[in-house]
Each structure stands twice: as structure tokens, then as C-alpha cells.
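All remarks here apply to the structure that follows.
Values in this text are rule-based calculations from the coordinates and carry no lab data. Keep in mind it's a predicted model, so treat the numbers as computed, not measured. We place every Cβ from the backbone using ideal geometry, glycine too, and count neighbours over all the protein chains shown.
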Amino acid sequence: MNQPVVGPSANRHFHTYRIRSRVTQRHGQVTLGLDETVGILEAAGGELLRSGSIRTADRVWTFTLFLNATATTVLACAGVARTSHEGA
């Protein structure tokens, strides 16, 4: 059996999601917990993380979860609503 792969560090996610936060704000896109997630990722620094995405059944929201390296603790969760011009 293969060992699960741990993803990038929180720092790498921080930079990506800080940009995403700015872009969503600029476009007036609805988010849940995105700014808080950016702060948590910044504070986590070089900690290695796992991440995963969940889309709601109606496909309106996509949530990204950030877990510790052993996947035993959810560190942060951010949701972004689909805009009217995005495909389903």
C-alpha cells in the first residue's frame, strides 16, 4: 500500500489564498471564512498540510479544507460561491 502524500506547506497555500481573497473581494464574489483561512495559513508557516475540496450538491459553493499532515485536525475551511457566469 502506498503512503499518503502530504501536500505543500501552509506558506505556499497562504500566498495562493491571499491572492484568491483579493480577487474575490475585487469581483464582489461571496466567500465564507476565506479571510480567516488566510490568517490561519499565515500563522501555520512551514507546517505541511493536506487539503481537499467539497462542492455542495447544488454546485453553488466549493469549500476547501486544510488539515494537518496526519489528517487528524481541520485547521481551516474556506468557501467560495460560484458566480453566475461560471459553468456548473
(request) Can you pull the one-decimal nm distance between simple spin-label points at Asp58 and Gln25, each 7 Å off the Cα toward Cβ? (result) 2.7
(request) Based solely on C-alpha atoms, express the radius of gyration and the Dmax of the chain in angstrom. (result) 13.7, 45
(request) Take the chain, connect every pair of alpha-carbon atoms lying under 10 Å apart with a spring to form a Gaussian network, then pick out the residue of Thr56, Thr64, Thr24 with the largest mean-square fluctuation. (result) Thr56
(request) Compare Arg26, Arg50, Arg18 in a GNM of the chain, Cα atoms joined below 10 Å, and give the one with the largest fluctuation. (result) Arg26
(message) Counting only helical runs of four or more DSSP H residues, what would the 222 nm mean residue ellipticity of the chain come to if each run contributes -39,500 (n - 2.57) and the total is spread over all its residues?
(response) -10500 deg cm²/dmol
(message) Net charge around Thr70, counting only other residues with Cβ within less than 15 Å of its Cβ (Lys, Arg = +1; Asp, Glu = -1)?
(response) 0
(message) Compute, for the chain, the length of the dipole vector about the Cα centre, with Cβ point charges of +1 (Lys, Arg) and -1 (Asp, Glu) only. Units Debye, rounded to 20.
(response) 240
(message) How tilted is helix 34-44 with respect to the longest principal axis of the chain? Cα atoms for both, answer in degrees (0 to 90, nearest 10).
(response) 20
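Give, as a single signed number, the net charge of other residues whose beta carbon lies under 14 Å from the beta carbon of Arg12, with Lys and Arg counted +1 and Asp and Glu -1.
Values: positive: Arg18, Arg20, Arg50; negative: Glu42, Glu47.
That works out to +1.
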(request) Measure nothing fancy, just the Cα-based angle from helix 10-26's long axis to the longest principal axis of the chain, in degrees from 0 to 90, nearest 10. (result) 10
